[in-house]
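Q: Please see the structure below; I have some questions.
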């Protein structure tokens with residue numbers, strides 16, 4: 001689906017409701033905002049990478065002042081994260097790594113945890129990170145499957161020099 005551009009307050013409410021228990025990332029932006037333009041390609045990329053797990057919305061604050069006001073958005077870009085229609089996290093700024101960190105933190109569920117695979121293009125270092133993992137003594141099936149997929153993907157990256165692993 002990619003990123004959905006919210007047309008009005010009814011559309012915004014409908015998108016939150018239809019997402020159900022999926023994580024929803026809302027980018028409050030302005031067309032005149034330089035940092036908003038800088039982060040936009042990264043947001044598009046994340047929306048394609050996480051299309052099965054996360055819903056991405058964009059709200060133009062000039063066209064939808066009522067939505068921005070309702071959510072007390074005064075700085076652009078501001079990212080609000082929702083689950084089940086409730087705000088679970090937020091931050092302001094055009095920081096891709098911070099946005100990815102918040103998405104990972106909030107998309108891991110209560111007990112299963114999740115795995116994120118990242119690669120630093122400049123250094124060639126890849127990282128597999130297990131986040132929000134509470135049952136450290138016995139990996140559950142979902143986590144094992146995610147880890148297996150991440151390792152397979154890591155092996156397909158020809159420019160990886162070093163791998164790092166973390167458990168948080």
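The values are calculated or read from the model by the stated rules, or taken from the named source; none is laboratory data. Everything quoted here is computed from the prediction, not taken from an experiment. Every residue, glycine as well, gets a Cβ built from its backbone with ideal geometry; the counts of neighbours run over all protein chains shown.
Q: Is one or more of the residues making up the stretch 2-12 on the phi > 0 side of the Ramachandran plot and surrounded by fewer than 20 Cβ atoms within 10 Å (Cβ to Cβ)?
A: First, the residues of the stretch 2-12 that are on the phi > 0 side of the Ramachandran plot: 2.
Adding the requirement that they be surrounded by fewer than 20 Cβ atoms within 10 Å (Cβ to Cβ) leaves 2.
Yes.
Q: Within the stretch 69-88, can one find any residue that is on the phi < 0 side of the Ramachandran plot, modelled with pLDDT of 65 or more and part of a helix (DSSP H, G or I)? Steps first, please.
A: So the first thing to find is which residues in the stretch 69-88 are on the phi < 0 side of the Ramachandran plot, and the list is 69-71, 73-83, 86-88.
With modelled with pLDDT of 65 or more added as a condition, the list becomes 69-71, 73-83, 86-88.
Next cut, part of a helix (DSSP H, G or I) only: 69-70.
Taking every residue of the stretch 69-88 in turn, at least one turns out to be on the phi < 0 side of the Ramachandran plot, modelled with pLDDT of 65 or more and part of a helix (DSSP H, G or I).
Q: Same structure, new question: Among the listed residues 52, 94, which satisfies the condition of being assigned by TED's automatic domain parsing to the domain that holds residue 16 and free of Cβ contacts under 8 Å to residues at least 12 places away in the same chain?
A: The match here is 52.
Q: Going by the structure shown, is residue 35 assigned by TED's automatic domain parsing to the domain that holds residue 101, assigned to a helix (DSSP H, G or I) and surrounded by fewer than 12 Cβ atoms within 10 Å (Cβ to Cβ)? Please lay out each step first, then the result.
A: Details: assigned by TED's automatic domain parsing to the domain that holds residue 101: yes; assigned to a helix (DSSP H, G or I): yes; surrounded by fewer than 12 Cβ atoms within 10 Å (Cβ to Cβ): no.
So residue 35 does not fit the description; no.
Q: Something else: Every residue in the stretch 42-52 that is touching a helix residue (DSSP H, G or I) at 6+ places or on another chain (Cβ under 9 Å) and outside any helix (DSSP H, G or I), please.
A: Answer for the stretch 42-52, where residues must be touching a helix residue (DSSP H, G or I) at 6+ places or on another chain (Cβ under 9 Å) and outside any helix (DSSP H, G or I): just 50.
Q: Quick check: is even one residue across the stretch 50-64 closer than 23 Å to residue 104 by Cα, modelled with pLDDT under 95, over 11 Å from the mean Cα position of the chain (by Cα) and loosely packed, with under 15 Cβ neighbours inside 10 Å?
A: Scanning the stretch 50-64 turns up at least one residue that is closer than 23 Å to residue 104 by Cα, modelled with pLDDT under 95, over 11 Å from the mean Cα position of the chain (by Cα) and loosely packed, with under 15 Cβ neighbours inside 10 Å.
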